[in-house]
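One structure is given below, encoded as structure tokens.
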Amino acid sequence: MTISSADKEYIERCLTGIKDTPQAQSMKTFIQHGQITTYTHVLNVVCMSCRVDETLHAHSDRQSLIVGAFLHDFYLYDWHDSSSNEGLHGFRHPVTALEKAQKQFSLNSKEKNIIVSHMWPLTITRVPRCREAMIVCFSDKLCALYETVYKCRRMFDVDL
């Protein structure tokens, strides 16, 4: 799928100071779904979230949407290796991602809610409380399904 050059530039600007950190770059070493890295997955979710926002005319806070989508899986470990995490990854990683993101970056309340609630309804008590969080939650599931079933590497023509 394609994304406009203006959207690519805006995504790049929003992620300046985030995507190039060693921690964010380390997401390229962790596998998320099939052969998809966590880094590629979060970029897919960023682009899908922007597409959903545009399609629904949701008028979201686009910068928070992009930052939250990029950091939603900022847990920084191989979830396939049980010795590298506390188990029950699906339930616990949103909190871990939020804790690690907050240590590294200054986040607003929307970005925090996006990260901690992206696994809803699995994490039943962590509910998306803003439109940006709902969009990322939905987009994450679409991307995970697509990445798992179709074994694609990138859904969008964005490489940051």
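Beta carbons closer than 7 Å, at least 6 apart along the sequence or on distinct chains, pair a first residue in the stretch 38-58 that is under 19 Å from Met27 (Cα atoms) with a second that is open to solvent by 20 Å² or more (accessible area, probe 1.4 Å) and part of a helix (DSSP H, G or I) for Tyr39/Lys28; Met48/Leu142.
Among the residues here, Glu86 qualifies as of a type outside the set (A, V, I, L, M), open to solvent by 10 Å² or more (accessible area, probe 1.4 Å) and at pLDDT below 95.
Scan the stretch 3-15 for residues that are hydroxyl-bearing (Ser, Thr, Tyr) and closer than 15 Å to Leu43 by Cβ and the total you get is 1. Scanning the stretch 100-120 for residues that are buried (at least 23 other Cβ atoms within 10 Å of the Cβ), farther than 17 Å from Ser139 by Cα and among the charged types (D, E, K, R) yields no hits at all.
Listed conditions (1) surrounded by fewer than 23 Cβ atoms within 10 Å (Cβ to Cβ); (2) at pLDDT 90 or above; (3) in contact with a Phe, Trp or Tyr (Cβ under 6 Å, 6 or more places away or on another chain) are all met by Ser26, apart from (3).
None of Leu71, Leu76, Leu56, Leu65 is at pLDDT 95 or above and surrounded by fewer than 23 Cβ atoms within 10 Å (Cβ to Cβ) except Leu56.
The values are calculated or read from the model by the stated rules, or taken from the named source; none is laboratory data. Note that the structure is predicted; figures quoted are calculated from it, not measured. Virtual Cβ from ideal backbone geometry, glycine too; neighbours counted across all protein chains shown. What goes into the accessible areas is simple: the full protein's heavy atoms, side chains included, and nothing from ligands, DNA or RNA. Shrake-Rupley method; radii C 1.70, N 1.55, O 1.52, S 1.80 Å.
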